[in-house]
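The values are calculated or read from the model by the stated rules, or taken from the named source; none is laboratory data. These figures come from a predicted structure and were not determined experimentally. Glycine also receives a Cβ, built like all others from the backbone with ideal geometry; neighbour counts cover every protein chain displayed.
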Amino acid sequence: MKLDPEQLERVAHLFRAFSEATRLAIIQELKSGELSVSEIVQRLTTSQANVSKQLKLLYEAGLVTRRKQSTQVLYQISDPMVFELCGLVCDKLNRDAQKPARLKF
């Protein structure tokens, strides 16, 4: 089944959410469960402003959910499919790393 242009744009939007290392690091941290912004900042070597910005993009892409608890906002992965997709990419990179280097002309 072919996707129409609108569906292709939605797929592209989802993949763009995976295109930044800090967002991937956040996803990796959320694998252990729900975390607040401050907890994520403590675990990563980046600013609170950057974490908040990246979480907003992940939220807009539908990859994380958020809920307010008192004065904190807690984030969690919205669908475990995120980890399956990341696993597929990691498996591919591991396979590529084991291949002999190709000569380029």
Notebook entry, point to check: What number goes with the only condition from (1) outside any helix (DSSP H, G or I); (2) at pLDDT 95 or above that residue 22 does not pass?
Noted result: (1)
Next item on the list: Could you please let me know if residue 85 is at pLDDT 95 or above and either closer than 16 Å to residue 14 by Cβ or not in a helix (DSSP H, G or I) (or both)?
Entry: no
Notebook entry, point to check: Which members of region 43-80 meet the condition of being among the hydrophobic types (A, V, I, L, M, F, W, C) and either under 15 Å from residue 21 (Cβ atoms) or part of a loop (DSSP other than H, G, I, E, B) (or both)?
Noted result: 44, 51, 55, 57, 58, 61, 63
Note to self: Out of everything in region 14-58 that is loosely packed, with under 12 Cβ neighbours inside 10 Å and among the aliphatic types (A, V, I, L, M), what residue ends up being farthest from residue 73 (Cα to Cα)?
What the structure shows: 21
Check: If you take the residues of region 20-73 that are small (Gly, Ala, Ser) and touching a residue at least 12 places away in the same chain (Cβ under 8 Å), which of them is nearest to residue 10 (Cα to Cα)?
Finding: 61
Check: Looking at residue 8, is it within 13 Å of the chain's Cα centre (by Cα) and of a type in the set (A, V, I, L, M)?
Finding: no
Item checked: Exclusive hit being of a type in the set (A, V, I, L, M, F, W, C), in contact with a Cys (Cβ under 9 Å, 6 or more places away or on another chain) and not in a strand (DSSP E or B), set 40, 27 -> 27
